[in-house]
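The values are calculated or read from the model by the stated rules, or taken from the named source; none is laboratory data. Predicted model only: the values in this text are computed from it and were never measured. Positions of Cβ are generated from backbone atoms using ideal geometry, with glycine treated the same way; all protein chains shown enter the neighbour counts.
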Amino acid sequence: MLVFEQIRAGGDRNFGYLVGDRDAGVAALIDPSYSPDAFVERAREQGLHVTHIINTHGHEDHVNGNARAVELTHAPVAAHPACPVAVDLPLSEGMEIAVGSLRLQFLHVPGHADDHVTVYEPRHQILLTGDLIFVGKVGGTKTDEDARIEWDSLQRVVAAIPPPATVWPGHDYGARPSSTLALERATNPFLRCADLDAFLQMKRDWPAYKKRLGLR
Ligand SMILES: [Zn+2]
């Protein structure tokens, strides 16, 4: 039986996740960041042994709880090899980790960060998007080149993941705390862009667009 919790970790409306298999008694923590004790407590209260600590990317606000989470659980840290933390289990494109009967599959999706991965559980169609896709927007990029790379990553995710998949972001930046890939494709202004040029233009126009719509 699936255990899936979206946990408000603190920081800048950061979200982390507890993903587990109740029958197997195991779980993974995704980006426990500011609240590692709370994440481990949620696992323990449900009799779940934490087998992995997974980072979507190496930005400080996603990895700052790793040391404490490892201290509490002795679980290995799984992240992309370019992630600037101690990585026990390097995650590469197409790799899969089993957590009980769950399969966590990884896509390497650079742009917002070079080491960014998404986590997808195919049986329940759960997609953890980190700072790649938020509800109603996408992760910030510093240069046009990074924006181009992010565009490619977004196209790959849209091609690889079925539209009914639920989308669970790394921050509570949207009108709702979660979404579906179909809904984001229909309503997220960045995923609605027809091509790369439109995407780059939307990135440039975003501050004015946001102001006009009164978005946070
Ligand atoms: Zn980030």
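Key figures
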| read-out | value |
| --- | --- |
| So residue 121, is it more than 16 Å from the ligand (Cβ to nearest atom), surrounded by 16 or more Cβ atoms within 10 Å (Cβ to Cβ) and closer than 24 Å to residue 2 by Cβ | yes |
| The one condition in (1) in a loop (DSSP other than H, G, I, E, B); (2) free of Cβ contacts under 8 Å to residues at least 40 places away in the same chain that residue 103 fails to fulfil | (1) |
| Given (1) surrounded by fewer than 16 Cβ atoms within 10 Å (Cβ to Cβ); (2) within 15 Å of residue 118 (Cβ to Cβ); (3) at pLDDT 95 or above; (4) not hydroxyl-bearing (Ser, Thr, Tyr), number of the condition residue 94 does not satisfy | (3) |
| Complete set of residues in the range 33-79 that are among the acidic types (Asp, Glu) and away from the ligand (no atom under 14 Å from the Cβ) | 37, 41, 45, 71 |
| Scan of the range 118-132 for residues that are in contact (Cβ under 8 Å) with a residue 40 or more places away in the chain and more than 15 Å from the chain's Cα centre (by Cα), ordered by number | 124 |
| Residue that is nearest to the ligand (Cβ to nearest atom), among those in the range 133-143 that are outside any strand (DSSP E or B) and touching a residue at least 60 places away in the same chain (Cβ under 8 Å) | 141 |
| Lone unmet requirement of (1) aliphatic (A, V, I, L, M); (2) out of contact with any helix residue (DSSP H, G or I) (no Cβ under 9 Å at 6 or more places or on another chain); (3) under 27 Å from residue 18 (Cβ atoms) for residue 133 | (2) |
| All positions within the range 165-183 that are touching a strand residue (DSSP E or B) at 6+ places or on another chain (Cβ under 6 Å) and free of Cβ contacts under 8 Å to residues at least 60 places away in the same chain | 165, 166, 167, 174, 179, 180, 181 |
| Hey, residue 110 within 22 Å of residue 181 (Cα to Cα) and either among the aromatic types (Phe, Trp, Tyr) or surrounded by fewer than 21 Cβ atoms within 10 Å (Cβ to Cβ) (or both) or not | yes |
| Every pair of residues 6+ apart whose Cβ atoms lie under 7 Å, when the first sits in the range 66-91 and is basic (Lys, Arg) while the second is buried (at least 20 other Cβ atoms within 10 Å of the Cβ) and part of a helix (DSSP H, G or I) | 68/36 |
| Count of residues meeting criterion [of a type in the set (Val, Ile, Thr) and within 23 Å of residue 24 (Cβ to Cβ)] in the range 57-102 | 5 |
| Residue in the range 156-175 that is among the hydroxyl-bearing types (Ser, Thr, Tyr) and within 19 Å of residue 209 (Cβ to Cβ) present | yes |
| Among the candidates 152, 146, residue that is more than 17 Å from residue 29 (Cβ to Cβ), of a type in the set (D, E, K, R) and within 16 Å of the ligand (Cβ to nearest atom) | 146 |
| Residue 6, sole failed condition from (1) more than 21 Å from residue 176 (Cβ to Cβ); (2) surrounded by fewer than 21 Cβ atoms within 10 Å (Cβ to Cβ); (3) polar (S, T, N, Q) | (1) |
